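The values are calculated or read from the model by the stated rules, or taken from the named source; none is laboratory data. Just so it is clear, the structure is predicted and the values come from calculations on it, not from any experiment. Note: ideal-geometry Cβ built from the backbone for every residue, glycine included; neighbour counts use all protein chains shown.
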Amino acid sequence: MRRPLVVGNWKMNGTRSSAEALAKGILVGLGDDVADIAVCVPYVFLPEIAQIVNNTRLGVGAQNVADKPSGAFTGEVSAAMLKEFGCKYALVGHSERRTYYGDTDQIVAARFCQAQEQGIIPILCIGETLSEREQDKTFDVITTQLDAVVNLAGIGAFGNAVIAYEPVWAIGTGLTATDDQAQEAHRFIRNYLAAKDQTVAENIQILYGGSVKPDNAKGLFAMPDIDGGLIGGASLDAESFLKIYNSVN
Ligand code: PEP
């Protein structure tokens with residue numbers, strides 16, 4: 001039985017004090033233990049947020065991780081550094097990194113491996129653009145994105161990873177995939193993994209991301225292959241984020 005997971009992605013938002021207030025607001029409102037929960041925060045807020053959530057059910061994660069272990073890579077933050085500050089998760093391959101910062105499938109795969117080497121759970125973000133969907137290429141894109149990680153890390157690595165299916169056209173746009181569209185993609189991802197390793201496929205948490213809000217979360221989370229969500233905009237408000245968290249069944 002897979003345990004649901006709800007992860008907030010704060011992106012490049014907030015100030016030191018608003019970030020602190022948001023983390024505390026989530027902790028105060030966190031009721032029943034219905035799912036795993038975490039927030040992926042900007043790097044500079046990590047030490048403070050990690051301290052606030054220490055010994056609570058709220059995990060902390062980063063929004064990226066370097067594809068190299070250490071060295072002359074100005075501006076990067078290594079997995080070892082993240083680990084030192086209590087990071088449980090790291091997003092890799094978020095579409096904003098792929099689109100604006102040139103993260104290729106190969107770089108994303110290297111980031112995935114670096115996270116795992118330090119015991120950080122990578123949350124691998126994959127998904128198609130609108131034009132790819134319109135050209136009926138959704139499954140090809142997902143396959144290519146997954147292949148890159150499987151080729152570098154091996155299928156076994158997905159035994160300790162999370163996948164977030166995030167159709168690019170739904171991220172930050174207010175457009176959400178329908179429950180059936182999302183389920184279809186999640187089923188495809190799970191079948192892809194099952195063809196290589198049945199146990200990995202059955203156990204991995206596959207999150208949906210793309211304009212999840214309190215009013216659409218329940219329907220999405222009720223689908224059999226959707227194990228929770230990666231939440232952007234709606235995770236910046238403790239009440240909305242907690243409503244989404246409480247929508248898992
Ligand atoms: C995201 O950042 O991963 C995301 C899904 O954003 P939003 O919920 O705002 O679409």
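Across region 163-214, what is the total count of residues that are of a type in the set (Val, Ile, Thr) and over 18 Å from residue 93 (Cβ atoms)? Walk me through it before giving the result.
Just the residues of region 163-214 that are of a type in the set (Val, Ile, Thr), to begin with: 163, 168, 171, 173, 176, 178, 189, 199-200, 204, 206, 212.
Keeping just the survivors that are over 18 Å from residue 93 (Cβ atoms) gives 173, 176, 178, 199-200, 212.
Number of matching residues: 6.
Restricting 65, 60, 39 to residues that are among the β-branched types (Val, Ile, Thr), modelled with pLDDT of 95 or more and within 17 Å of residue 117 (Cα to Cα) narrows the list to 65. Picking from residues in region 71-112 that are within 19 Å of residue 147 (Cβ to Cβ) and among the small types (Gly, Ala, Ser), the one that is surrounded by the fewest Cβ atoms within 10 Å (Cβ to Cβ) is 110.
Quickly run through region 227-249 and pick out the residues that are assigned to a loop (DSSP other than H, G, I, E, B) and surrounded by 19 or more Cβ atoms within 10 Å (Cβ to Cβ). I'd like the intermediate steps shown before the answer.
Residues of region 227-249 assigned to a loop (DSSP other than H, G, I, E, B): 227, 232, 237, 246-249.
Matches in region 227-249: 227, 232, 247, 248.
Screening region 163-188 for residues that are of a type in the set (D, E, K, R) and over 18 Å from the mean Cα position of the chain (by Cα) and picking the one that is nearest to the ligand (Cβ to nearest atom) gives 179. Residue 185 meets the conditions (1) within 23 Å of residue 34 (Cβ to Cβ); (2) touching a strand residue (DSSP E or B) at 6+ places or on another chain (Cβ under 6 Å); (3) free of Cβ contacts under 8 Å to residues at least 60 places away in the same chain in every case but one. The failed one is (1).
Residue 61 passes every criterion in (1) within 16 Å of the ligand (Cβ to nearest atom); (2) buried (at least 24 other Cβ atoms within 10 Å of the Cβ); (3) closer than 24 Å to residue 143 by Cβ apart from (3). Inspection of region 14-37 identifies at least one residue that is within 16 Å of the ligand (Cβ to nearest atom) and in contact with a Lys or Arg (Cβ under 9 Å, 6 or more places away or on another chain). Looking only at residues in region 114-157 that are assigned to a loop (DSSP other than H, G, I, E, B) and surrounded by fewer than 21 Cβ atoms within 10 Å (Cβ to Cβ), the one that is farthest from the ligand (Cβ to nearest atom) is 154.
Scanning region 83-96 for residues that are assigned to a helix (DSSP H, G or I) and under 20 Å from residue 230 (Cα atoms) gives 95, 96.
Which residue, of 99, 74, is over 20 Å from residue 206 (Cβ atoms), outside any helix (DSSP H, G or I), of a type in the set (Ser, Thr, Tyr) and at pLDDT 95 or above?
Details: 99 fails: outside any helix (DSSP H, G or I).
It is 74.
Taking the criterion of being in a loop (DSSP other than H, G, I, E, B), among the aliphatic types (A, V, I, L, M) and over 14 Å from residue 235 (Cα atoms), the residues of region 23-36 that qualify are 34, 35. Within region 37-71, being touching a Cys at 6+ places or on another chain (Cβ under 6 Å) and in a loop (DSSP other than H, G, I, E, B) holds for one residue alone: 63. Residues that are in a loop (DSSP other than H, G, I, E, B) and out of contact with any helix residue (DSSP H, G or I) (no Cβ under 8 Å at 6 or more places or on another chain) were ranked within region 196-226; the one that is nearest to the ligand (Cβ to nearest atom) is 216.
So if I check each of 191, 160, which one is surrounded by fewer than 19 Cβ atoms within 10 Å (Cβ to Cβ), away from the ligand (no atom under 12 Å from the Cβ) and under 15 Å from the mean Cα position of the chain (by Cα)?
Unique residue meeting the criteria: 160.
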